[in-house]
Amino acid sequence: KNQVEQSPQSLIILEGKNCTLQCNYTVSPFSNLRWYKQDTGRGPVSLTIMTFSENTKSNGRYTATLDADTKQSSLHITASQLSDSASYICVVSAGTGNQFYFGTGTSLTVIP
Amino acid sequence: GAGVSQTPSNKVTEKGKYVELRCDPISGHTALYWYRQSLGQGPEFLIYFQGTGAADDSGLPNDRFFAVRPEGSVSTLKIQRTERGDSAVYLCASSLNVGVYNEQFFGPGTRLTVL
């Protein structure tokens, strides 16, 4: 069964600290993996997209890693800011790239 | 427009009523997707259009749900005989459907509340 699991479910960190969010998947055949940020009441916004051959990709203070062998990905946030408070969703696409499997997200709260 | 737009932003209806939710994709995007998101959950796939045709409607929960995209641009998600369990945020996304990344761009969603 194609599934995407994320951990932790929620996380609270102090402003300025780093954090890492995890994503494990069983989707096959793998096409690509992306991380989205979803602010409350808004649609998801893409942070990074990685294909099978890419094992790391950065977007500012966000760095995603992908281990296609173990089917794991992580999203590392450096020097967190209050505006990083949001839900972070891991999405894996399969086949020709139009089948998308979403994780349930990690709710991140950055406090001053 | 500059991004994906959805109307209305909020819709409150009574159980048993019919509702239509509209999605305006980014101009030129051939692929359009509908998702449903319940509180605290990730989006759940409903249907995917390539052009005017539904390429994959396997996510539609039952025959009360139907979607159209008659001219390959604007799409309407239609829900008949609404039930309280249909309450959720309905998200629309579009993409160019080219390249290995095929990045999706999401709209702000329509929050549907069935009383």
Quick one: which residue in A:Ser46, A:Ser93 is out of contact with any His (no Cβ under 9 Å at 6 or more places or on another chain) and over 15 Å from A:Val27 (Cα atoms)?
-> A:Ser46
Total residues in the range A:71-112, condition modelled with pLDDT of 95 or more, β-branched (Val, Ile, Thr) and surrounded by fewer than 17 Cβ atoms within 10 Å (Cβ to Cβ) | 3
Looking at the range A:18-49, which of its residues are more than 9 Å from every other protein chain (Cβ to nearest Cβ), touching a Leu at 6+ places or on another chain (Cβ under 9 Å) and within 20 Å of A:Tyr101 (Cα to Cα)?
-> A:Leu21, A:Gln22, A:Cys23, A:Tyr25, A:Val27, A:Leu33, A:Trp35, A:Lys37, A:Leu47, A:Thr48
Condition check for A:Ile12: in a strand (DSSP E or B) and buried (at least 16 other Cβ atoms within 10 Å of the Cβ) | no
Reported set for the range B:100-115 where residues are of a type in the set (Val, Ile, Thr) and either surrounded by 21 or more Cβ atoms within 10 Å (Cβ to Cβ) or assigned to a strand (DSSP E or B) (or both) is B:Thr110, B:Thr113, B:Val114
Kindly provide the set of residues from the range B:63-91 that are among the hydrophobic types (A, V, I, L, M, F, W, C) and either part of a loop (DSSP other than H, G, I, E, B) or within 8 Å of chain A (Cβ to nearest Cβ) (or both), ordered by number.
-> B:Val74, B:Leu91
Exclusive hit being touching a Pro at 6+ places or on another chain (Cβ under 8 Å) and within 13 Å of chain A (Cβ to nearest Cβ), set B:Gln50, B:Gln37 = B:Gln37
Restricting attention to the range A:54-112, which residues are among the aliphatic types (A, V, I, L, M), in a strand (DSSP E or B) and farther than 26 Å from B:Ser94 by Cβ?
-> A:Ile77, A:Leu108, A:Val110, A:Ile111
Just a yes or no: is a residue in the range B:86-109 touching a strand residue (DSSP E or B) at 6+ places or on another chain (Cβ under 7 Å), without any contact (Cβ under 8 Å) to a residue 24 or more places away in the chain and more than 23 Å from A:Asp39 (Cβ to Cβ)?
-> yes
Of all the residues that make up the range A:15-52, how many are assigned to a loop (DSSP other than H, G, I, E, B) and over 30 Å from B:Asn10 (Cα atoms)?
-> 9
Of the conditions (1) assigned to a strand (DSSP E or B); (2) out of contact with any Asp or Glu (no Cβ under 8 Å at 6 or more places or on another chain), B:Asn97 fails just one. Which one is it?
-> (1)
When you look at A:Thr20, is it among the β-branched types (Val, Ile, Thr), closer than 20 Å to A:Asp84 by Cα and touching a His at 6+ places or on another chain (Cβ under 8 Å), yes or no?
-> yes
When the range B:16-62 is examined, which residues are found to be in contact with a Gly (Cβ under 6 Å, 6 or more places away or on another chain), buried (at least 18 other Cβ atoms within 10 Å of the Cβ) and assigned to a loop (DSSP other than H, G, I, E, B)?
-> B:Gly42
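The values are calculated or read from the model by the stated rules, or taken from the named source; none is laboratory data. In this text the structure is predicted, and so the values were computed from the model without any measurement. Counting neighbours? That spans all protein chains shown, and the Cβs are built from the backbone with ideal geometry, glycine included.
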